[in-house]
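**Q** Sharing a structure here in structure tokens format.
The values are calculated or read from the model by the stated rules, or taken from the named source; none is laboratory data. Keep in mind it's a predicted model, so treat the numbers as computed, not measured. Neighbour counts are summed over all protein chains in view; Cβ atoms, including those assigned to glycine, are modelled from backbone coordinates with ideal geometry. Side chains included, ligands, DNA and RNA excluded: accessible areas come from the protein's heavy atoms. Shrake-Rupley method; radii C 1.70, N 1.55, O 1.52, S 1.80 Å.
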Amino acid sequence: MATNNTILQVSELKTYFFTRLGVVRAVDGVSFGLRQGECLCLVGESGCGKTATALSILRLVDSPPGQIVGGEIKYHNENLLRSTGARLRQIRGNRIAMIFQDPQSSLNPVLTVGEQIMEPIRLHLKLGHRQARDKALSLMKQVGIPQSAERMAYFPHQLSGGMKQRVMIAAALSCNPEILIADEPTTALDTTIKAQILDIFRELKQQMNMSILFITHDLGTVAGIADRIIVMYGGRIAEAGSTLDIFDQPKHPYTWGLLNCLPTIAERREKLSPIPGMIPSLIDPPEGCIFHPRCQWRMSVCQQAKPPEYVILGEHIAACYLYQKAPASAGL
Amino acid sequence: MRRITEVFGGRRNLLFSGLLLALLFILLLDLFFVHHIFSPFVYFYLCFALVIVFYGIYPLYVSRRLTRYYWDRTKRHHLAVIGLVFIIFLVAVAIFGPFLTQDPTKVDFPNKNLPPVGFSAEQSTYDRTTGQFITRETPGTWLHPLGTDDKGRDMLAMLVSGTRISLQVGLMATLIAIFIGLILGVVSAYLGGWADNALMRFTDIMMTFPFFLLLVFIVFIFGPSLWFIILAIGLTGWTGTARLVRSESLSLRTRDFIMASKSLGASDRRIVFHHLIPNVLSSVIVIATLSIPGVILAEAALSFIGLGDPTVTSWGLVLQAGQRSLETAWWIAVEPGIMLFLTVLAFNFLGDGVRDAFDPRSQV
């Protein structure tokens, strides 16, 4: 359902890793659209293909072993999978920026923080040293780094984890990108810092109308920031819908499992109930629905063919045979 | 103008390339039109100085904070500071010394085998009038503070000249070796795949060459010129550096900050020169300081076995000359030996200190 304010449309994306043990189908036919000014969350366990999806968008999948074997990634009207290296470098950091999980290792230890924020500014905006410096200063203020003039000359090891993540965000924001891909930006941070960083994202969305693709394994983090949620499992979309749909009327058994894992303050549970079983190997995935070995509601059909994405209501879709009677989705 | 600057990657590179081109121009003039504007070594020195100023002193000055940080860390290592002071002293001696001392090649038989100041030695001379050998006690004089050798050449002048030769060989051969090793290592790691394989197998082949035998061979074929010795040591000594730089770059390549700067639109060239090389530079500096003494010793050893450049007075040459008269004039062999010993020690101390300073795990 590509509406006209969709700025990034991913269709049938397939990213495989060709390893010695076999082909890992990290992303196996994922489609979604990202609209202007919305925050779309990709949620799933580790190894479900969230990061591979994000890296595929920027064409940063390491090759070898990784390779994007199929699909289309349309940014405005340009298929990024067909873009040249030079064009991609113009887009990266300038139109689509990315923030990585671990701020400790995402900053170059031998360059000052200022230099690293200024890098994309100088690469894309072609500003002189002085202007780039001024811009970097204002960015650091924007993401809430106190004493920014002094901190410009700091090296990453002199900053705390939260400050480093702010630096990463400042670098990513430096060219006013249309799309910000945040790959688990809060995972390595402690809870109070996490809340502060999430506030920054919320502000970005509201004030700058930026589109954010937020990747996390933590449904709790998602709730406060997401407009829409895509739940991924085994390289495929399990369920997608608005935040309200996912939290209030989850349809996919996997989503049920995820939500059951969340601790709540309201009810007192002795034990959190994890989803039984393990994440399947993506080299040799189970036949049919990839979730069926762990699913309590599995039917015989689940073991034979991969379920299509059924439309529950509007944008709410679920890839599960429980909703066979619903019409098949034409793609989100 | 701005476009040109961008192609070169900044004003500094532009200026550097410009000066290098100017030097090349003078070299071409030298070769084809006016002969001997500078001696060949001067070109090398100027190149060396340009590299040092633009990529050594300038960045140190720009990031004064970092310089200060590393200096503070090195300072804690007292031996390293002593080593550094001694090396600076050696460099000063090598640059200015030869202008202040006597000609190291001037033979003066009447004053042969004079001991250093403060020592005296017994010397037998043949007295023509009596036709007998007379044994005399000869004290050292301030005219030759470190004594003279068996041909009456001034030891001080020879040692000063030897300092220049040893530092020349040590610095230049190491510079060549480090440069080749750094580029090969980083490129090999960054490209990966068959390029990595080819480069590393080439390194293996170079490593299996017995280095000293190769040196002897080269000297035998091309003649004992200091140039060939420097080139031979430089062109064979890069293998360890290449290996180390490669292994370090391999682990750096997978670090998130490389991916992060890619995601911000950095090109491959920028990643190699702006992110990979600065990160391996600290270990390269350490290898460089630690390999200089080895090179100096290699040159001395070559001179000692008589394969050095006979036209220059190097420490090894003096040492070799001295071992013949060890019983009568011990200082001829001992003095260059002490110089070699101190120099090698100073570089090793400095290397150790620098390594500790650059090692982020040794947070003090």
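**Q** Looking at chain A as a GNM with Cα springs under 10 Å, which of A:Ala149, A:Ala26, A:Ala318 has the largest mean-square fluctuation?
**A** Maximum among the listed residues: A:Ala149.
**Q** Could you work out the local net charge near A:Pro307, counting Lys and Arg as +1, Asp and Glu as -1, over the other residues with Cβ closer than 14 Å to its Cβ? Don't skip to the answer; put the middle values down first.
**A** Working: positive: A:Arg236, A:Lys251, A:Arg298, A:Lys306, A:Lys325; negative: A:Asp28, A:Glu239, A:Glu287, A:Glu309.
Surrounding charge for A:Pro307 is +1.
**Q** In the protein assembly as shown, with Lys and Arg counted as +1 and Asp and Glu as -1 at Cβ, which of these residues, A:Phe291, B:Gln168, B:Ile218, has the Cα nearest the positive end of the dipole, that is, farthest along it?
**A** A:Phe291
**Q** Report, as a whole number in µm² per second, the diffusion coefficient that Stokes-Einstein gives for the protein assembly as shown at 25 °C and 0.890 mPa s using the Kirkwood radius over alpha carbon pairs.
**A** Details: Rh = 30.3 Å.
The calculation lands on 81 µm²/s.
**Q** Give or take rounding to whole Å, what are the principal axis extents of the alpha carbon atoms in segment B:236-292, in descending order?
**A** In descending order, the Cα extents are 39, 17, 15 Å.
**Q** First select every other residue whose beta carbon is under 13 angstrom from the beta carbon of B:Leu326; then total the charges, Lys and Arg +1, Asp and Glu -1.
**A** Local net charge: -3.
**Q** Same structure, new question: Rolling a 1.4 angstrom probe over the protein chains, ignoring ligands and nucleic acids, what is the accessible area of B:Ile277 in square angstrom, nearest 10?
**A** For B:Ile277, solvent-accessible area is about 20 Å².
**Q** Further question on the same structure: Placing +1 at every Lys and Arg Cβ and -1 at every Asp and Glu Cβ, with all other atoms neutral, what dipole size does segment B:130-222 have around its Cα centre, in debye to the nearest 20? If you can, show how the numbers build up before the last one.
**A** Working: 5 positive and 6 negative charges, 26 e Å.
So the magnitude is around 120 debye.
**Q** Something else about it: Show me the helices of chain B, taken as full DSSP H stretches, that run 24 Å or more along their long axis by Cα and average 1.0 or above in Kyte-Doolittle hydropathy.
**A** Numbers: long enough: B:11-32 (31 Å, 1.79); B:78-100 (32 Å, 2.65); B:155-191 (53 Å, 1.91); B:277-304 (39 Å, 1.79); B:331-358 (40 Å, 1.16).
Result, helices passing both filters: B:11-32, B:78-100, B:155-191, B:277-304, B:331-358.
**Q** I've got another one for you. Could you tell me the total accessible area buried at the A-B interface, probe 1.4 Å, in square angstrom to the nearest hundred?
**A** 2300
**Q** Still on this structure, I have one more. Could you work out the equivalent-ellipsoid semi-axes for segment A:239-326, taking the square root of 5 times each eigenvalue of the Cα gyration tensor, largest first, in whole Å? Don't skip to the end; give the middle numbers.
**A** Details: eigenvalues 107, 72, 20 Å².
Taking √(5λ) for each eigenvalue gives 23, 19, 10 Å, largest first.
**Q** Which percent of the accessible heavy-atom area of segment A:1-124 goes to carbon and sulfur, probe 1.4 angstrom?
**A** On the way: 2270 of 4820 Å².
Answer for segment A:1-124: carbon and sulfur cover 47 percent of the accessible area.
**Q** Tell me the mean residue ellipticity at 222 nm calculated for chain A from its helices only (DSSP H runs of n ≥ 4, each -39500 (n - 2.57), averaged over every residue, nearest 500). Kindly include the intermediate steps, with their values, before the conclusion.
**A** Details: 11 runs with 96 residues, N = 332.
Roughly -8000 deg cm²/dmol at 222 nm, from the helical runs in chain A.
**Q** Return one whole number: the accessible area per residue of chain A in Å², for a 1.4 Å probe.
**A** On the way: 14460 Å² over 332 residues.
On a per-residue basis, chain A sits at 44 Å².
**Q** If you average 1/r over every pair of different alpha-carbon atoms in segment B:73-120 and take one over that average, what Kirkwood value in Å do you get? Could you put the intermediate results ahead of the total?
**A** Values: mean 1/r = 0.0713 Å⁻¹.
By the Kirkwood definition, the hydrodynamic radius is 14.0 Å.
**Q** Between segment A:168-230 and segment A:14-73, what is the separation of their alpha carbon centroids in Å?
**A** The two parts, judged by their Cα centres, are 19 Å apart.
**Q** Here's something else I'd like to know. Counting only heavy atoms of protein chains, what accessible area per residue, in Å², does segment B:126-273 have with a probe of 1.4 Å? Before the final figure, lay out each step's value.
**A** On the way: 7150 Å² over 148 residues.
Ligands and nucleic acids excluded, the result is 48 Å² per residue.
**Q** Name the lysines eligible as straight-distance cross-link partners of A:Lys306: C-alpha to C-alpha under 19 Å, and not fewer than 8 places from it in the same chain.
**A** A:Lys14, A:Lys251, A:Lys325
**Q** Set Lys and Arg Cβ to +1 and Asp and Glu Cβ to -1, take the dipole of the protein assembly as shown about its Cα centre, and tell me which of B:Thr101, B:Thr311, B:Leu244 lies farthest positive.
**A** Working it through, the farthest residue towards the positive pole turns out to be B:Leu244.
**Q** Could you work out the longest stretch of chain A that avoids the trypsin sites (Lys or Arg not before Pro) located in DSSP loops with at most 12 other Cβ atoms within 10 Å?
**A** Details: sites that count: A:Arg20, A:Lys126, A:Arg268, A:Arg269, A:Lys271, A:Lys325.
The segment A:127-267 is the longest one with no such site.
**Q** How large are Rg and Dmax for segment B:101-192 when calculated on the C-alpha trace, in angstrom?
**A** Here Rg and the maximum Cα pair distance are 23.2, 82 Å.
**Q** At a probe radius of 1.4 Å, what is the per-residue accessible area of A:Met299, in Å² to the nearest 10?
**A** 70
**Q** With Cβ to Cβ distances under 13 Å as the rule, what net charge do the other residues near A:Phe18 carry (K, R +1; D, E -1)? Intermediate values should be presented prior to the final figure.
**A** Working: positive: A:Lys14, A:Arg20, A:Arg25; negative: A:Asp62.
Surrounding charge for A:Phe18 is +2.
**Q** In the Gaussian network model of chain A, springs joining C-alpha atoms below 10 Å, which of A:Pro263, A:Pro286, A:Pro177 carries the largest mean-square fluctuation?
**A** A:Pro263
**Q** Share of segment B:117-202's accessible area from carbon and sulfur, percent, 1.4 Å? Please list the in-between numbers first.
**A** Numbers: 2760 of 4300 Å².
Result for segment B:117-202: 64 percent of the exposed heavy-atom area is carbon or sulfur.
**Q** A further question follows. Where the Cα atoms of segment B:283-338 are projected onto their three principal axes, how long is each span, largest first, in whole Å?
**A** Projected onto its principal axes, the Cα set of segment B:283-338 covers 46, 22, 15 Å.
**Q** Rounded to the nearest 20 debye, what is the charge dipole size of segment A:38-194 about its Cα centre when +1 sits on each Lys and Arg Cβ and -1 on each Asp and Glu Cβ?
**A** Details: 18 positive and 14 negative charges, 127 e Å.
Approximately 600 debye in magnitude.
**Q** Would you mind checking the radius of gyration and Dmax of chain A based on alpha-carbon positions, in Å?
**A** Gyration radius and largest Cα-Cα distance of chain A: 20.4, 67 Å.
**Q** Pick out, from B:Ile180, B:Phe202, A:His129, the residue whose Cα sits farthest towards the positive end of the charge dipole of the protein assembly as shown, with +1 on the Cβ of Lys and Arg and -1 on the Cβ of Asp and Glu.
**A** Going by the charge dipole, the pick is A:His129.
**Q** Follow-up. Can you tell me which lysines have their Cα less than 24 Å from the Cα of A:Lys126? Leave out same-chain residues fewer than eight positions away.
**A** Answer for A:Lys126, where 24 Å is the Cα cut-off: A:Lys135, A:Lys141, B:Lys262, listed by chain and number.
**Q** When the solvent-accessible surface of protein heavy atoms is calculated with a 1.4 angstrom probe, in what order do A:His157, B:His275, A:His292 fall, highest first? Present the calculation step by step, with values, prior to reporting the outcome.
**A** On the way: A:His157 100, B:His275 5, A:His292 25 Å².
Sorted by accessible area, descending: A:His157, A:His292, B:His275.
**Q** Provide Rg and Dmax in Å for segment A:45-106, with only Cα atoms included in the calculation.
**A** Cα only, segment A:45-106: 12.4, 36 Å (Rg, Dmax).
**Q** Shifting gears a bit: With every protein chain left in place and a probe of 1.4 Å, what is the accessible surface of B:Thr254, to the nearest 10 Å²?
**A** 100
**Q** Now for a separate question. Counting each DSSP H run of 4 or more residues in chain B as -39500 (n - 2.57), what helix-only mean residue ellipticity at 222 nm follows after dividing by all residues, to the nearest 500 deg cm²/dmol? Intermediate values should be presented prior to the final figure.
**A** Numbers: 15 runs with 246 residues, N = 364.
Theoretical 222 nm ellipticity from helices: -22500 deg cm²/dmol.
**Q** How large is the charge dipole for the protein assembly as shown, taken about the Cα centre, if only the Cβ atoms of Lys, Arg (+1) and Asp, Glu (-1) carry charge, to the nearest 20 debye? Don't skip to the answer; put the middle values down first.
**A** Details: 62 positive and 52 negative charges, 305 e Å.
Here the size comes out at about 1460 debye.
**Q** Let me ask you something else. Taking the inverse of the average 1/r across all pairs of different Cα atoms in segment B:14-168, what Kirkwood radius in Å do you get?
**A** Numbers: mean 1/r = 0.0498 Å⁻¹.
Hydrodynamic radius (Kirkwood, Cα pairs) of segment B:14-168 is 20.1 Å.
**Q** Over all alpha-carbon pairs of chain B, lay out the pair-distance distribution in 10 Å bins, whole %, shortest bin first.
**A** With a bin width of 10 Å, the distribution comes to 5, 19, 27, 24, 14, 7, 3, 1, 0, 0.
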